[in-house]
1. Mind putting a number on the dipole of the chain about its Cα centre? Charges go on the C-beta only, +1 for Lys and Arg and -1 for Asp and Glu, and I need it in Debye to the nearest 20.
2. Quick check: the distance between the Cα centres of region 104-152 and region 372-445, to the nearest angstrom?
3. Explain nothing, just the number: dipole magnitude of region 345-473 about its Cα centre with +1 on each Lys and Arg Cβ and -1 on each Asp and Glu Cβ, in debye rounded to the nearest 20.
4. Under 14 Å from a label point 7 Å along Cα→Cβ of residue 237: give me every residue in region 32-66 with its amide N that close.
5. Set Lys and Arg Cβ to +1 and Asp and Glu Cβ to -1, take the dipole of region 270-486 about its Cα centre, and tell me which of 359, 479, 315 lies farthest positive.
6. Take the Cα atoms of region 2-255, find their three principal axes, and give me the spread along each one in whole Å, biggest first.
7. Sort region 207-257 into rounded, prolate or oblate with this rule: let a ≥ b ≥ c be the square roots of the eigenvalues of the Cα gyration tensor; rounded if a/c is under 1.5, and if a/c is not under 1.5, prolate when a/b is larger than b/c, oblate otherwise.
8. From the mean inverse distance of alpha carbon pairs (Kirkwood) and the Cα radius of gyration, derive Rg over Rh for region 162-230.
Amino acid sequence: MIQVTNMTGGYETKPIVDHVDFQVNRGEFFGVVGPNGSGKTTLFKLMSGILPLWEGEVVIDRKPLGHYPRKQLARKVATLPQVQQSFFSYNVYETVMMGRYAYQSGFFKQPTERDKEVVEHVLKQTGLTEMMSLPLNHLSGGERQRVYLAQALVQEPDVLLLDEPTNHLDFSYQKQLLDELKQLSLTSHLTVVSIFHDLNIASLYCDRLLLIDQGQITQIGKPEEVMQKPLLERVYHSSIDVHANPTLSSPQMNLLPDYFLDKTRAAITPALVEATEEKIVVRTPQLLKTFSSAVKGGGFGWYRNFINYHVDKSFNCESPSQFMIEKCQQWELTEHDTLAMITAAHLSDYSERFFLGDGVSILILVTAGLGNAVDVVHGDKRVEADQPGTVNTWVFIDGHLSEQAFIQGIVTATEAKTKAFSTCGIKDSLTNTEATGTSTDSIMIASTQTERQLEYAGPITFLGSKIGQMIYEATKEAIERYLERMKPQ
């Protein structure tokens, strides 16, 4: 669709874009990213013919850009620069209708029915119908940006060149606009070439990305090929974290500041534990990064209040998460930074272990009951039911864990729990085979993400060996307390 060969150009005698080669396929959503001053806008102007090429060629549909007559090019390519100015007080409808000039003929150019139909459709598409009679100078910057985009869309182009199309738009209109452009590229084969400053938006919507730096291509390819941590950090001269989007396959970026607002270390000690018959509470002075199967706060998150709440064995609730949210409100705990679990185990049976040394502190808390002990191999022999968790395991660490360390820590902790079940001779009452846990066990690892770097937590690593030993001992002790309490009096 678009073939760029040896593109070179700039201002006065200085080339800003220097010998660039790439191609864009028909119907592709193609993004151009790079730091300020890298040449993005100059590349846009060279592609659209606003600036003359010093060297090279831009070919659209096998025809050089300079060979298109003005009106024919307007039907082929529409552009939306980053900054637009209007010196006349046209209203929204009139401004958008100007985009149809390439389809109008005669000395007195009057809109046809087709022109009106296209304009009305695009006004609705861009959310401008209600303000179509308003003068441009009565609109906000974001609203004017939408007007100029609508003006470009009514040209019904094959190619749309956009320089920061979401500039000045709020979150909802950014999404609405980009969803519509993506849909047009998918269903109408509109070829979209857009400059982005926001790497996350570019990653979400673009089929391919061109990363430009100092006027030359640094990388070109699919988002996952371009959004590489070492590459981005080198180009942007910043600390950047690249991670998987939790919903889509597009990589997502986090800018990492070189300062910390809260210098207070969350000292992980047994003094943080508040235990009653109703609940066990741990409150930390700063947010901890967590990975858990909690009923409220499951998955990865950041929390400072941790609740293990006791319920009766007959407890039945369609929405445990909502139940715990209401409890948090009752206890005047802020919902957004509270993680909560539910257990039918008696909280007086809880067991605790603490380690301090080698630049790390680890606090382990385990509550255990055996009423629904199960052998995982024979789980299919049981009727699935929502029951309160019986073995709840908490691991608090003052250290900096990698994501794989969180997951390895969960595996290590689970193996240690299962070993404790085996040592205590706990059986699955239905199959009379060795139980591996209970039917609704829950687990959490929480880390301060400060101080010592802890990359791994497998059973023979420093962290994993501590977790394994401490959880084995704590789980075994909690089980023994449960068994002692359950003895006939």
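1. Numbers: 44 positive and 58 negative charges, 174 e Å.
Result for the chain is approximately 840 debye, rounded to the nearest 20.
2. 62 Å
3. On the way: 8 positive and 16 negative charges, 41 e Å.
The dipole magnitude comes to about 200 debye.
4. The answer is 35-38.
5. Final value for the positive-end residue is 359.
6. 56, 42, 34
7. On the way: a/c = 3.00, a/b = 1.19, b/c = 2.52.
Oblate.
8. Values: Rg = 12.6 Å, Rh = 12.9 Å.
Reported Rg/Rh (Cα atoms, Kirkwood Rh): 0.97.
Values in this text are rule-based calculations from the coordinates and carry no lab data. Everything numeric here is computed off the predicted structure, so don't read it as measured data. Every residue, glycine among them, receives a Cβ derived from its backbone with ideal geometry; neighbour counts consider all protein chains shown.
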